[in-house]
């Protein structure tokens, strides 16, 4: 039975694209594609075995998942693709339309505004970017719209400014039941993803051209070099702090354990 892998085609997931980098996957697999919120849902329901999911998805459902080691999408300061964009300066913002594509970024918005900026705002779900003056956007959409608004708050930059820690946006996670049934394939995938990440950065320009991305190559190189794809003790410290804020704000019910496959 093939391994079902949840896959997100964003600029920031390119280093893990082992088909792009030519790293051989010595097992049967199927890529199930979607936006982050869809991949979260697929993993939760068991439609996929393993996937790149938001940190919030792991934190809320940690009893069902293991984490693959040494892999994440994180930022050591500004991330440039998780942005609150506005027609107004921050002191005049009263309402934010939140993308439904990422729960982690929605939670981070609340922490930044309510805890760091000490500001109460009203939140809605983003439906039409052209009909609102302040929105949370993520990923390729945030990059596309970032220059169209006079004011921009980089949420990862705010997190770093207040905590001096990287922010972990996404993790590679596997369902515990899938790990028991497909341990060999999961361990191989974990190795393939790590090798792909390393290979990608050895010749980034080559793989960016092969990928046919819609972004300027110079910007893509700057953007990807600014991200952090590792998962160290400092990253786990950040995840613990993020969880503490969510617990304190009543957004989660219990503090998670962070279990990494061996």
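Readers should treat all values here as calculations from the given coordinates under stated rules, not as data from a laboratory. Just so you know, these numbers come straight off a predicted model, no measurement behind them. Cβ: placed from backbone, ideal geometry, glycine included. Neighbour counts: every protein chain shown.
Per residue, the convex hull around the alpha carbon atoms of the range 82-163 comes to 86 Å³. Gain on full extension, evaluated as 0.36 nm per residue between residue 163 and residue 209 minus their Cα-Cα distance, stands at 12.9 nm.
Cβ-to-Cβ counts within 10 Å put 98, 83 in ascending order as 98, 83, the fewest first. Considering only the Cα atoms of the range 1-55, their convex hull presents on average a projected area of 3.9 nm². Within the chain, the proportion of C-alpha pairs whose separation exceeds 29 Å stands at 29%. Across 235, 80, 162, mean-square fluctuation computed from a Gaussian network of the chain (C-alpha pairs under 10 Å connected) peaks at 162.
To the nearest ten degrees, helix 183-202 and the longest principal axis of the Cα atoms of the chain are 60 degrees apart. On the beta carbon distance between residue 151 and residue 177, with R0 = 51 Å, the FRET formula returns roughly 0.65.
Remark: 190, 81 ranked as 190, 81, counting other beta-carbon atoms within 10 Å and listing the fewest first.
Each peptide in 115-127, 146-158, 222-234 was scored by the mean count of other Cβ atoms within 10 Å over its residues; highest first, the order is 146-158, 222-234, 115-127.
Of all alpha-carbon pairs in the range 31-118, indicate the percentage at a distance above 24 angstrom. Across the range 31-118, Cα pairs with separations above 24 Å total 29 percent. Relative to the longest principal axis of the Cα atoms of the chain, helix 233-248 runs at roughly 50 degrees.
Remark: C-alpha extents of the range 122-262 on the principal axes read 49, 46, 31 Å, sorted largest to smallest. Largest mean-square fluctuation among 14, 31, 136, in a Gaussian network model of the chain whose springs join Cα atoms under 10 Å apart, belongs to 31.
Could you work out how much longer the chain between residue 28 and residue 125 gets when fully extended? Use 0.36 nm per residue separation minus the Cα distance between them, nm to one decimal.
Difference between extended and current length: 31.1 nm.
With contacts taken as Cα pairs under 8 Å and at least 6 residues apart, the chain reaches a relative contact order of 31 percent.
Put in order of Cβ neighbour count within 10 Å, fewest first, the listed residues 218, 70 become 218, 70.
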